[in-house]
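Below is one structure, written out as structure tokens; the observations come after it.
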Amino acid sequence: MSDEIKSELDEPATLEYTQMPEDYAVGDDGQKRVVRQKKDMLLKDGQRLSRFKKKVCRFCHDKSYTIDYKRSDILENFITDRGKILPRRITGTCARHQRHVAKEIKKARIIALLPFVEK
């Protein structure tokens, strides 16, 4: 081998970056953070930028909208076609009112205003 090639092989390889890769950003404090783009949502430091509107409890928002086992038209909005009670994350109700809705649905089922299951 020639002397030039031998000298190149003996020296350790050093890489110099002129620009940061696209998936990194520098924060205000000078720290390098990973920023990934995934389908219309940016992930920054483990937090998601949501594109959905936050659901609000309809019972907290409108005090005249009461929960009662006799009002099966309202309670039907909180059960599936098969008779299962929908969870809070889908209906948007707060924990307090979700417990009350579940209790009233169970009362309505017992006196046959709502079905236990679909046939």
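Condition first: exposed (fewer than 13 other Cβ atoms within 10 Å of the Cβ) and on the phi > 0 side of the Ramachandran plot. Now tell me which residues in segment 71-119 satisfy that. Matches in segment 71-119: Ala112 only. The set of residues from segment 74-119 being farther than 20 Å from Ser64 by Cβ and in contact (Cβ under 8 Å) with a residue 40 or more places away in the chain comprises Ile111, Leu113, Leu114. Of the residues Lys55, Lys63, the single one that is assigned to a loop (DSSP other than H, G, I, E, B), in contact with a helix residue (DSSP H, G or I) (Cβ under 8 Å, 6 or more places away or on another chain) and at pLDDT below 90 is Lys55.
Here is a check on your reading of the model: is Asp29 part of a loop (DSSP other than H, G, I, E, B), more than 30 Å from Ala108 (Cα to Cα) and either at pLDDT 70 or above or among the β-branched types (Val, Ile, Thr) (or both)? So Asp29 fits the description; yes.
Just one of the numbered conditions (1) modelled with pLDDT of 95 or more; (2) in a loop (DSSP other than H, G, I, E, B) is not true of His100: (2). Is it fair to say Arg58 is surrounded by fewer than 10 Cβ atoms within 10 Å (Cβ to Cβ) and farther than 11 Å from Leu114 by Cα? Here the answer is no, as Arg58 does not meet what is asked.
The values are calculated or read from the model by the stated rules, or taken from the named source; none is laboratory data. Keep in mind that what you see is a predicted model, and the values were worked out from it rather than measured. Don't worry about glycine lacking a Cβ; one is built from the backbone with ideal geometry, like all the others, and counts go over all protein chains shown.
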